[in-house]
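A quick write-up on the structure given underneath.
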Amino acid sequence: MAKKPVKRRISIRSGKNKGKRFQNWIAEQFSNVSGGMPWGVDEEIESRIMGQAGTDIIFRSKAAKKLFPYAIEAKNCETWHLPKWIDQAKRNIAEGTDWLLFVTKNRYNNLVVMDTDLFFKLLKDQIELKKLKGK
């Protein structure tokens, strides 16, 4: 009888590095969308140090906070715990922000989870903008 293959767990350090790479990628994407707002340590957009409390992506400047009014939680895990992660993202909401959850795992596309009210607000804003441009 053949033995079942044993799943190897990655080390804690490797897991944190995997998460940090994902957070850095998210910060870089926000920088690209903004037209080049600087990202990195002590920049306008920063990835929080692993293990610290608070949002995973920090918008430091007033301009960045105005452009991106979101409390972001990022998870790069093979086992997903969406309800727990959503609760964590909600706990980090500051006044005037909405929560966003970025999730990924090996061999899957990156995803964003958001509240449906926020989704429809963004959709409505996009439609209104298209109507204004069409006039």
### Summary
Measuring from its Cα centre, the chain shows a charge dipole (+1 at each Lys and Arg Cβ, -1 at each Asp and Glu Cβ) which, in debye to the nearest 20, is 800 debye
### Inter-part distance where segment 56-123 and segment 13-53 are each reduced to a Cα centre, Å
13 Å
### Summary
Phi-derived 3J(HN,Hα) across segment 75-85 with the Karplus relation (6.51, -1.76, 1.60, θ = phi - 60°), rounded Hz, x for Gly and Pro, is 9, 10, 9, 7, 10, 9, 10, 3, x, 5, 5
### Message
At 0.36 nm per residue, and after removing the present C-alpha to C-alpha distance, how many nm does the segment from L122 to K7 gain when stretched out fully?
### Response
37.3 nm
### Task
Rounded to the nearest 500, what is the 222 nm mean residue ellipticity of the chain from helices alone, with -39500 (n - 2.57) per DSSP H run of 4+ residues and division by all residues?
-14000 deg cm²/dmol
### Task
Could you size up the charge dipole of segment 25-79 around its Cα centre, putting +1 on the beta carbon of Lys and Arg and -1 on that of Asp and Glu, and report it in debye to the nearest 20?
280 debye
### Query
Of A94, A64, A53, which has the largest mean-square fluctuation in a 10 Å C-alpha GNM of the chain?
A53
### Query
Which far-off residues, 5 or more places away or on another chain, put their amide H under 5 Å from the one on S47, with H placed in the peptide plane?
G40, I58
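Using only the Cα atoms of segment 11-120, build the gyration tensor, take square roots of its eigenvalues as a ≥ b ≥ c, and label the shape rounded, prolate or oblate: rounded if a/c is under 1.5, else prolate if a/b is larger than b/c, else oblate.
Here segment 11-120 falls in the oblate category.
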### Query
Relative contact order for the chain: what is it in percent, counting Cα pairs under 8 Å that are at least 6 residues apart?
15 percent
### Message
What does the extension gain come out to for N32 and M114, with contour length at 0.36 nm per residue minus their alpha carbon separation?
### Response
27.4 nm
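Coordinate-derived values only; no laboratory data. Note that the coordinates shown come from a computational prediction; the quantities given were computed from them, not determined experimentally. Please note: Cβ atoms are built from the backbone with ideal geometry, for glycine as well, and neighbour counts cover all protein chains shown.
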